[in-house]
There are 2 protein chains.
Amino acid sequence: MTVSKTADKTAEKSSEKPADTAKGRKDAAEAQGAAEALQLGELSEQLGYVLKRAQLKVFENFLRCMASLQLTPAQFSVLLLVEKNPGRNQTEIASTLGILRPNFVALLDNLESRDLCARIRSTNDRRSHILVLTDKGKAVLTRAKKLVATKHEARLNDLLGQANREALIEMLSKIANEF
Amino acid sequence: MTVSKTADKTAEKSSEKPADTAKGRKDAAEAQGAAEALQLGELSEQLGYVLKRAQLKVFENFLRCMASLQLTPAQFSVLLLVEKNPGRNQTEIASTLGILRPNFVALLDNLESRDLCARIRSTNDRRSHILVLTDKGKAVLTRAKKLVATKHEARLNDLLGQANREALIEMLSKIANEF
DNA sequence: TATTGTTATACTCTATAACTATA
DNA sequence: TATAGTTATAGAGTATAACAATA
């Protein structure tokens, strides 16, 4: 455990943080000695509420599965997108992921400092940086995909079943794209 | 529009913020002149990715629907939980929602300053504050529920259908509770 | 003049430590 | 000694403005 959820600053600090992000919430829920659980009531039917709680759980599980590679969901998504779209610049990769250009700089600094991807000055337009995966980046991404498939997705399949998992992702995509 | 996503500081500032949280992301995706969309590839099958994007969309829609009442998802969840569980203290309400006690103080200060809920010193244990909704709080919550039902949930039903919406919430609850 | 990458900065959310008043 | 509410504070995430280099 002890996954650094952060890890985007230019100078990485792989210090043993006191806890995964999960800890705080868990503490919050377990602090007092279980004095009769509260009634959630309509809250358990609120889409936003269950969506947010589910998202937190999924990200926590992702971080645990990726602990050996030290990849956050955001970093993994960048690597996936750069692999699938080599030759694109920072603006294109960032905006596709909903990351603002200023915030993408530190994230890329981190990946580049770990030799997972590289900025290449474009010859066509010398303002832009083309992004590519390094050999190490490709290797790490391959291992990351395997971890996601065997640990992360497998867990979800156990919980929901293959068919439900696909239906879930389809509905979430629809919400993300059309809501 | 111009919903202040924040609104938790003790002294509320209902200044016209430059933009809803959504704007930044939208700008990020539309900034450059649509130079051939990128391939999402495996990203569109990643649970965490679609979950996060869907959650952001749902929260944005929630804020728009609640603009007239100026209630955030977190504030709405507190009002719902206090209504359903009157006589509970701050620690119990906060921990059930996964909010840490220190962070719950400003949130409550805001609701109390708007006369939506009240802290009452417990007679049994003078350390704790019992939480209750004020009459105004009950009235606002009633209106909020109607807005959620007629605008927010209705939108989701249009998009997915009633049956799918229920299946979605059930799956998300399962993930939130068992993943 | 407009755009790319960048810096600086601010605000929100989340997290921990430590104080106070009560128990 | 332990707990409830609180304060102070720090770290990530996310947002905007503005600058240098380039177009």
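What follows is calculated from the coordinates using simple rules that are stated; it is not laboratory data. No experiment lies behind these values; they were computed from the predicted model shown. Note that we place each Cβ from the backbone using ideal geometry, even for glycine, and neighbour counts take in every protein chain shown.
Of the residues making up segment A:83-104, those that are touching a residue at least 12 places away in the same chain (Cβ under 8 Å) and within 15 Å of DNA strand C (Cβ to nearest atom) are A:86, A:87, A:88, A:89, A:90, A:91, A:93, A:96, A:97, A:99, A:104. Checked against (1) facing chain A (nearest Cβ under 8 Å); (2) more than 17 Å from the chain's Cα centre (by Cα), residue B:94 passes all but condition (2). Could you please let me know if residue A:80 is in contact with an Asp or Glu (Cβ under 7 Å, 6 or more places away or on another chain), within 27 Å of residue A:64 (Cβ to Cβ) and more than 16 Å from DNA strand C (Cβ to nearest atom)? Here the answer is yes, as residue A:80 does meet what is asked. Selection of helices (runs of 4 or more DSSP H) fully inside segment B:49-115 by the criterion of at least 3 residues being in contact with a Phe, Trp or Tyr (Cβ under 9 Å, 6 or more places away or on another chain) and within 10 Å of DNA strand D (Cβ to nearest atom) returns B:90-96. Quick check: is even one residue across segment A:40-51 buried (at least 16 other Cβ atoms within 10 Å of the Cβ), more than 9 Å from chain B (Cβ to nearest Cβ) and out of contact with any Pro (no Cβ under 9 Å at 6 or more places or on another chain)? No: zero hits. Restricting to segment B:57-82, give me the number of residues that are in contact with a Lys or Arg (Cβ under 7 Å, 6 or more places away or on another chain) and either at the interface with chain A (Cβ under 7 Å from one of its Cβ atoms) or more than 15 Å from residue B:110 (Cα to Cα) (or both). Adding up the residues that qualify gives 3. Do we have residue B:116 as closer than 20 Å to residue A:42 by Cα, buried (at least 20 other Cβ atoms within 10 Å of the Cβ) and within 16 Å of DNA strand C (Cβ to nearest atom) here? Considered against the rule, which asks whether it is closer than 20 Å to residue A:42 by Cα, buried (at least 20 other Cβ atoms within 10 Å of the Cβ) and within 16 Å of DNA strand C (Cβ to nearest atom), residue B:116 comes out as no. Scanning segment A:150-179 for residues that are under 20 Å from the mean Cα position of the chain (by Cα) and more than 10 Å from chain B (Cβ to nearest Cβ) yields A:150, A:151, A:154, A:157.
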